[in-house]
Amino acid sequence: MQKKVALITGVTGQDGAYLSEFLLKKDYIVHGIKRRSSLFNTDRIDHLYQDPHVENQNFFLHYGDLTDSTNLIRIIQEVQPDEIYNLAAMSHVHVSFETPEYTANADGIGTLRILEAVRMLGLEKKTRIYQASTSELYGKVQEVPQTETTPFYPRSPYAVAKMYAYWITVNYREAYGMYACNGILFNHESPIRGETFVTRKITRATSRIALGLQDKMYLGNLDAKRDWGHAKDYVRMMWMILQADQAEDWVIATGKTTSVRDFVRMCFAHVGIELEFKGKGSGEKGYIKSCSNPDFNLEIGKEIVSVDEKYYRPTEVDLLIGDATKAKEKLGWVPKYDLQNLVDDMMSSDLKLMQKQQFLQDGGYRINNYFE
Ligand code: NDP
Ligand code: GDR
């Protein structure tokens, strides 16, 4: 039987890396589009790299960019994919306020470029398309929990761009009979999550503080609540969405919500440190209440979490909690990880990473300690 061919945009990102692994295990031939960068940007997929000179390769990388339709048309024509996973995006909500036009181009029009390339090449009936839609579409709370029928109210240039992408995907499905779906995925994290998203920022900083490499961490809105799942569970769903009989849109979420403050508490609890928060708003601070781990030389009462208003967003999404009943009933969605497993996975990985950094630093090597 012929192997299925998948094309992944955003292959170097968190989801692109896990999805590549997942599809290769399913015996797919996987093609990924990566951006040209001045330094290597393939850390997350280096373990999948194959020497292009060997035979029977099943993982290929192509240079490209969602802002350039010429490369998309060329690559799609060459690859003739059975499935396209459009994961590429300027995916940072806060940064989208700084680069709104670029975000609209890559995240909004980029999706149109993919759909139109498939149509122009006459692949409408062959190629199935997954669009990485997001719980950010719900924005200002209209309904709790959020489902496939909850109205959208985007609150950032990122979310507005993704709203265009959502509807253009629906439109191409309805207009041209294409198999094109939106996965409305709620936040999903992992040990390879980008370092500037809040969960990874917290797991890295917690590990560094515990090891004595950093004094404290600065965060923005501690009251924001998110429905956090594990990226490994979510990429499996991307694939399941494209295997369904009918092209539809799906919410993928855990159904539980947690504040940023409580996420910080859980991370410190992982290393035996109990935190106490005092104060309100931008004056709120987190202090060490107790420490049961004799390996850490930390002072009880020390301030280790502060709020810095520079991390506040001009408009915020206060509360996300998803209802994935449709995916559970129709696709059999059963996540393997809960929030505690996610925290444990991220914390043990970052503790190891920071121990390595500590070792190098002790040996006189300069460590990048740029934190955003
Ligand atoms: P990442 O930020 O980790 O990865 C984004 C990927 O897109 C990277 O490979 C990046 O390349 C690439 N990229 C960015 N801009 C362009 C461009 N102009 N052309 C081509 N490639 C580009 O995101 P995630 O893996 O976390 O998310 C995957 C997708 O899912 C994104 O579309 C995101 O918006 C969406 N999403 C994510 C959720 C989450 O919680 N993770 C939830 C809901 C939706 P490079 O490595 O070079 O930067
Ligand atoms: P989000 O993720 O905006 O939900 O988008 P992020 O982790 O950036 O923020 C989550 C919440 O935490 C608050 N917050 C901070 N955020 C960051 N990044 N840094 C901080 O210091 C900080 N302090 C508090 C934020 O205000 C926010 O409320 C992610 C991305 O992956 C999107 O691409 C995706 O579409 C959505 O999840 C679902």
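Only the coordinates and a few stated rules stand behind these numbers; no lab work does. Values in this document were obtained by computation on a predicted structure and should not be read as measured data. In this analysis, Cβ positions are derived from the backbone assuming ideal geometry, glycine residues included, and neighbour counts consider all displayed protein chains.
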Quick one: if you stick a label point 7 Å off each Cα along the C-beta vector at Arg74 and Glu174, how many nm between them? 3.6
Going by how many other beta carbons lie within 10 Å of each one, how would you line up His92, His31, His188, fewest first? His92, His31, His188
Over the chain, relative contact order from alpha-carbon pairs under 8 Å, at least 6 apart, %: 16
How about the stretch 39-79: which chymotrypsin sites (Phe, Trp or Tyr not before Pro) there are in a DSSP loop, with at most 16 other Cβ atoms within 10 Å of their Cβ? Phe40, Tyr49
From the Cα centre of the stretch 31-49 to that of the stretch 141-182, the distance in Å is 29
Working out 0.36 nm times the residue gap between Asp262 and Glu195, then minus their Cα-Cα distance, what length gain in nm do you get to one decimal? 22.2 nm
Sorted by packing (mean other beta-carbon atoms within 10 Å per residue), highest first, where do 245-253, 71-79 land? 245-253, 71-79
If you stretched the chain out fully between Asn56 and Tyr365, how much longer would it get, using 0.36 nm times the residue separation minus the C-alpha to C-alpha distance? 107.2 nm
Footprinting exposure proxy for Glu143, Glu83 (fewest neighbouring C-beta atoms within 10 Å first): Glu143, Glu83
Which percent, nearest 5, of DSSP beta bridges in the chain are antiparallel? 25
Could you check what % of the DSSP bridge pairs in the stretch 5-185 are antiparallel, to the nearest 5? 0
Could you work out the helix-only [θ] at 222 nm for the chain, with each DSSP H run of four or more residues adding -39,500 (n - 2.57) and the total divided by the number of residues, to the nearest 500 deg cm²/dmol? -11000 deg cm²/dmol
If one takes the longest principal axis of the Cα atoms in the chain, at what angle in degrees, from 0 to 90 and to the nearest 10, does the Cα axis of helix 231-243 lie? 20
Compute the helix-to-body angle for 110-120: its Cα long axis versus the longest principal axis of the chain, expressed 0 to 90° and rounded to tens. 20
FRET E, pair Lys140, Asn297, Förster distance 41 Å, beta-carbon r, rounded to 0.05: 0.35
May I ask what percent, to the nearest 5, of DSSP beta bridges between residues of the stretch 158-302 are antiparallel? 60
Beyond 35 Å, what share of the Cα-Cα pairs of the chain is found? Please give it as a whole percent. 27
Segment Lys310-Thr42, length gained on full extension (0.36 nm per residue, minus Cα span): 93.5 nm
In Å, the Kirkwood hydrodynamic radius of the stretch 5-185 over pairs of distinct alpha carbons? 16.8
Could you order the peptides 264-271, 1-8 from most to least packed, using the average number of other C-beta atoms within 10 Å per residue? 264-271, 1-8
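With a 10 Å Cβ neighbour count serving as the proxy for reagent exposure, in which order, fewest first, do Lys302, Lys232 appear?
Lowest count first: Lys302, Lys232.
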